[in-house]
Each structure stands twice: as structure tokens, then as C-alpha cells.
Amino acid sequence: MDMSTTNENTTPDFLQDKGLTFKKVRANFWALFIDVFMWSYTILVSWKIIYEKIILGLRFPEFSWNQPLIALGAGAVVAIALHMTKLSIGRACMGLMKRDENKPIFREPFMAFGLVIIILTFIAGLFLSQVSIREFLSASGLIGAKRIFTALFNPNFNIIADATFAAVETIYMAFIATAFSLPFAFILAFFAARNLMSGSPLTMTIYSLVRFVLNVSRSIEPLVWAIIFSVWVGIGPFAGMLALMLHSVSSLSKLYSEQIENISEGPIEAMTATGAHPVQVIWYGVVPQIVLPYLSYTIYRWDINVRMATVIGLVGGGGIGTMLMQYQGLAKWNEVGLLVIVIAVIVWVMDYLSSQIREAIK
Amino acid sequence: MFKVENLNKVYPNGTHALKDVTFDVQAGEFLVVIGLSGSGKSTMLRCLNRLHEPTTGRILFEGEDVTHVKGKTLRNVRSRIGMIFQHFNLIPRRTVLTNVLSGTLARTGVINSILGIYNEEDKKKAMDYIRIVGLEGKENVRADNLSGGQQQRVAIARALMQNPKVLLCDEPVASLDPATSHSVMQYLKKVNEELGVTIICNLHFLSLVRQYASRVIALKGGKLIYEGKPLDIDENWFKTIYGEEAVEVTID
């Protein structure tokens, strides 16, 4: 039932005002913050890239921490000076700018400023990633490329037995990583679901903590975990498996918990109303709503893990990735060619199977 | 059956949904609660089986104060009160039989219910109720593949599995078409008359109220403003309850 339809408004007026003022102050703060950032960025990029690199033509311009600080100071001055004009991106973003809704948005001055920032970023990007047509088309480079491509297209089928074995190792490693991550993710997901945990301050604390840990562990790439674990348990499939498992736990927990957050409250309410025990309420009211989506996510995860296992092999996580790494180090391009083919086939087959299965159980 | 005294409910956001509501429910009656959306009908029903916590006041159920009971006692109280909902609230992707059997969860052990083990007596009873609500042969159909009216009948069968003393119905026909509405109301009437289950039902259509209710109470802005026989709701009362602008819509 929608309570907002009641006529009486029981919230006292001053409370609403206070909340409103706070929101307004916060919006203005962020608007100014965005403006200062935008202007400082513009100044810094113009200085370091446009002026020093392009106009002065310096190959390695000197860098000191004073430069960003000066840019920040100058940016702040400009931002404050222009904050109330139509050039303020911050006020536009926070919805504080009164503008004529009928005028097309791209004719607003702040959009022009935005465009300038994007163009500056593009130019800076070209310089920083050292994009060079000359290198790309240099004679020696083209000869090297031709050598590699010829070798890759003439794969050495003598090592196919070894390659297949390594590929099987990779698939199993990904499977075990997924399987081991399942129970952890299953349990953690309940603690990371806002709708189940919003009951009391204690559960909300657990929720925030679990979410934080999951976010941190997810933001560290499996590649990095693989390096850590290869020191811990030694180079090989086990290290790769542990890295994949850790990452799978955090990814799956997040997907699972989002699924829990999306379930309909109806069956839960109905089960509670029958006088069922909380465990029964979860088993009958929650589980039937999540089990198929869970299965689908898990199969997808296995698919992702097989792909990642290949990459992880490059840093010593075992399987076909490690094999690829070894042949690449020896510059045996014919063998590398075969491995690339084997990897492509596995990835394609896994992708196809997992999408078919996910479609079937929808 | 129920004795409600000075019931108040204030939601955490400050909405005062129920204001000093006092009324009695006699065993065996078909009590209908009317009022606009947002008048507090659903809140009141959910306070009775404690899906919502009352803020102040007292609720007596069969002479027992249930206002603040917790844990096992609360579950025991709930198990004696059946409930059906506007959106049926069946378990999706599960069969009709499983849904009906879920009405016995309060007396089936936790382990048994997880393994899906129910006693033979309950299984037989479930089949009986499925037949009574006219869904024989649909026991193994997925509940979400049924039509709205059929789903609501599954929900009635599920509630009956609890052997309830009273059945709370939260706008049971609000998402059904007129013909189906009548069929569902007929089943509720049958449950009321033949099984002697007390019914407390939120309804929108006065024509249904006149046809099925034995007594009516009306809520407006969280206050109880009318209590009486369904046929005594005349033009004046109608305007008081629903506002001056309202025009009665009938359903037949």
C-alpha cells in the first residue's frame, strides 16, 4: 500500500527545510568541486602537452609536483571567477543552472567547454600512448610482423598432444576455481544483500563490511592474485586456481546479492504469514526465486574463468597460458601459432555452450 | 476472535497509518474493511498477524495478548491466521502442490521442509483442498503458469492448510477481472460458511461488500469512521468514506 497518498503530512516543516538546505549545500559544494577540477585539468594539460610538448617540442619535459599545484591554484581561481557564468560544468551537472529547456543543450557554453576538454584529452592521449604511424609502417617492423604471421599461419602440429593436455588442465582449473568459489559466494551473497540486511544497525554494519571486502578483492585483478599465490604455493595450476577462485568469490557474491535484492517480497511475506521459521522462509520464499539465475551466473563464470585461466597462465598460473609463455620466450612462433588456435577453439566452444545452457534454463 | 484496542501505527518515515483503531471481530463472521487506498486497511490487516509491528495499543487473539509476542509463540500465532494477498504471492517456479503444502511449514520441521518431506495426512489434505478450490488435475503445474483467478485459489488452499481460525484477505480480487472476482469471493464465502473460518477482508467494490459481507468497518485517514451492516451504507456514508467527489462503481 502506498502510504504517500495520505493527505496528512506528519513530517514537521522545519525538518524538511533542514534536509533541503543540506542537499542544496552539498550540491553547490560538488558543483564547485567539479568546476575546480575541470579548470585545473584544462590548465595542466594545456601546459604540459600543448605548450611543452607541441610548442616547445621537448621530448622529455621536466616534471615537478609544483606544476599540478600551480595548475590547481590557477584552476581554482578561474573556476570561482566563472562559477556563476554559463561556462560552469559543475552547476550544469548538479542541476543548479537555470536554462531554457527549449534551447538545444549543445548550444550551451558549458557544452563547448566540455568539448574542449575532450579534445585536449584526446591530444594528450595520443602523446602519452606514443602513437606513431612511422613505427607502425617502418620497414624493419613490417619484416618482423611478416615473419611472425607466416609462422603463426603455419602452426606446428607436433605439439598438439601437449597443447591439448595443457588446455584440459586449464579447463579443469577453471572448473575447480568456480566450484570452490560457489559455497563461499552463496553464503556471502546473503550478507551482501541490502534488503535482507537493512533490519538493524548490526546487520547493516556486517553488510557494509562484507561489501567493502568484496569490492576491494574484486578491484585487484586475478593476474595480481596469481603473482601473489605463485609465490605462496609455487608456480603452477594451483596458484592460478586460487587466484581465479578468489576473484570468482567476489564477483559471484556481487551478482548473487544483486539477484537477492531483485526478488519479489510477496512470497517472503506469504511464507512469514504462515508462521514459518526464518530458515523455511528463505528456503521457500527466497531460494526458488534465485536458484536459476544463480546457475546461469555460475556457468557464465566458469566460461570467464577458462578465458582468464589462459591469461593467468602467462604469469605462471599453469595450463595452456604457461605453455604459450614458454614458447613465446623461445620465439618459437610456429608452436605459438598452434597454441593460439587451441585457445581460440576452447574459448569459442565454452562461449557457445555456456550461452546455449543459459538460454535453456532461463 | 480478535479484540483490537486503541491500535496506532506510525511508520519510521513518520506516516501515521492507524489512529486509535478499536474494534472486535466475532467468530464466524465475514468482516469487510473498506476505505480509500492509503486509508490504512492493509496496515491494519498486517498488524493483526504482526507482519507489521503495532506502535501502541493492544491486539487480543482468542483471548491471548499477541501485541508483542516473539519467536516461537509469534510463529504459532501466525500459523493459526491464514492470509491471502492481492498479488497472490505464490512461490514462483514451484508446483501447485508444493505451494499448497507450504501452508504446513509451521508444523513441518525445518529439516523435513528443506528436504520436501511432508506427512501423508498433510499430502492427502492438500489434494483435498486443491479439489475443493476446483484445481483438480493441476497439482503438478507450475504455479506461475496459472491464470490470476487460479493462482488466488491456490493461495486460498495454501491458507486453509494452516487450519486457520481466521483468514485475512488483503484486497483478494483487486487484480482480477469481474467474473473471476466473483468466483474467488464465492470460494471465500464457502470457506466462511462451510468450514466456519472467520474472514477479515479488505475490499474496494461496494457491490461485492453488500453481497458477501456480514459486517463492515470503514477506515479513513487511519481512523475507524464506520461500523455496521453492509446495507446501511447509504449515499451519505459513501460520500463520507470515499469523499464528496466519489461515484460508486459497480462490479457484476
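Given A:159, A:105, which one is aliphatic (A, V, I, L, M) and exposed (fewer than 14 other Cβ atoms within 10 Å of the Cβ)? None of the others qualify; the one that does is A:105. Residue-level check: of (1) open to solvent by 20 Å² or more (accessible area, probe 1.4 Å); (2) in a helix (DSSP H, G or I), residue B:204 misses just (2). Restricted to region B:127-146, and to residues there that are part of a loop (DSSP other than H, G, I, E, B) and among the acidic types (Asp, Glu), the residue that is least open to solvent (accessible area, probe 1.4 Å) is B:139. The set of residues from region B:108-124 being crowded, with 17+ Cβ neighbours inside 10 Å and either under 21 Å from the mean Cα position of the chain (by Cα) or at the interface with chain A (Cβ under 7 Å from one of its Cβ atoms) (or both) comprises just one member, B:113.
Taking region B:171-186 as the range and being open to solvent by 50 Å² or more (accessible area, probe 1.4 Å) and not aliphatic (A, V, I, L, M) as the test, the residues that pass are B:175, B:177, B:178, B:186.
Scanning region A:266-291 for residues that are within 7 Å of chain B (Cβ to nearest Cβ), hydrophobic (A, V, I, L, M, F, W, C) and open to solvent by 10 Å² or more (accessible area, probe 1.4 Å) turns up A:279, A:283. Residues in region A:121-156 that are among the polar types (S, T, N, Q) and either modelled with pLDDT of 90 or more or open to solvent by 60 Å² or more (accessible area, probe 1.4 Å) (or both): 6 in all. Of the residues that sit in region B:226-252 and are in a loop (DSSP other than H, G, I, E, B) and touching a residue at least 12 places away in the same chain (Cβ under 8 Å), which one is most open to solvent (accessible area, probe 1.4 Å)? By that ranking, first place goes to B:252. Among the residues making up region B:14-51, those that are within 20 Å of residue B:67 (Cβ to Cβ), of a type in the set (D, E, K, R) and touching a Lys or Arg at 6+ places or on another chain (Cβ under 6 Å) are B:19, B:24. Any idea which of A:282, A:346, A:341 is farther than 26 Å from residue A:156 by Cα and assigned by TED's automatic domain parsing to the domain that holds residue A:234? Matching residue, one of A:282, A:346, A:341: A:282. Counting only helices (runs of 4 or more DSSP H) wholly contained in region A:171-280, the ones carrying 3 or more residues that are in contact with a Phe, Trp or Tyr (Cβ under 8 Å, 6 or more places away or on another chain) occupy A:194-197, A:201-219, A:237-261, A:266-273. A single member of A:255, A:314, A:330, A:353 is of a type in the set (A, V, I, L, M, F, W, C), closer than 22 Å to residue A:197 by Cβ, surrounded by fewer than 22 Cβ atoms within 10 Å (Cβ to Cβ) and away from chain B (no Cβ under 14 Å), and it is A:255. Just one residue in the set B:73, B:104, B:95 is open to solvent by 30 Å² or more (accessible area, probe 1.4 Å) and either small (Gly, Ala, Ser) or touching a Lys or Arg at 6+ places or on another chain (Cβ under 9 Å) (or both); that residue is B:95.
Put simply, of B:172, B:164 the only residue that is under 15 Å from residue B:90 (Cα atoms), outside any helix (DSSP H, G or I) and in contact (Cβ under 8 Å) with a residue 12 or more places away in the chain is B:172. Within region A:205-220, residues that are among the aromatic types (Phe, Trp, Tyr) reach partners that are open to solvent by 60 Å² or more (accessible area, probe 1.4 Å) with beta carbons closer than 7 Å, at six or more positions or on different chains, in the pairs A:207/A:191; A:207/A:194.
Taking region A:44-62 as the range and being in a helix (DSSP H, G or I) and either of a type outside the set (Ser, Thr, Tyr) or not assigned by TED's automatic domain parsing to the domain that holds residue A:75 (or both) as the test, the residues that pass are A:44, A:45, A:47, A:48, A:49, A:50, A:52, A:53, A:54, A:55. With respect to being open to solvent by less than 50 Å² (accessible area, probe 1.4 Å), modelled with pLDDT under 85 and over 27 Å from residue A:24 (Cβ atoms), residue A:61 fits the description.
The values are calculated or read from the model by the stated rules, or taken from the named source; none is laboratory data. Since the structure is predicted, the reported quantities are computational estimates derived from the model, not experimental observations. Neighbour counts are summed over all protein chains in view; Cβ atoms, including those assigned to glycine, are modelled from backbone coordinates with ideal geometry. Accessible surface areas use protein heavy atoms only, side chains included; no ligands, DNA or RNA. Shrake-Rupley method; radii C 1.70, N 1.55, O 1.52, S 1.80 Å.
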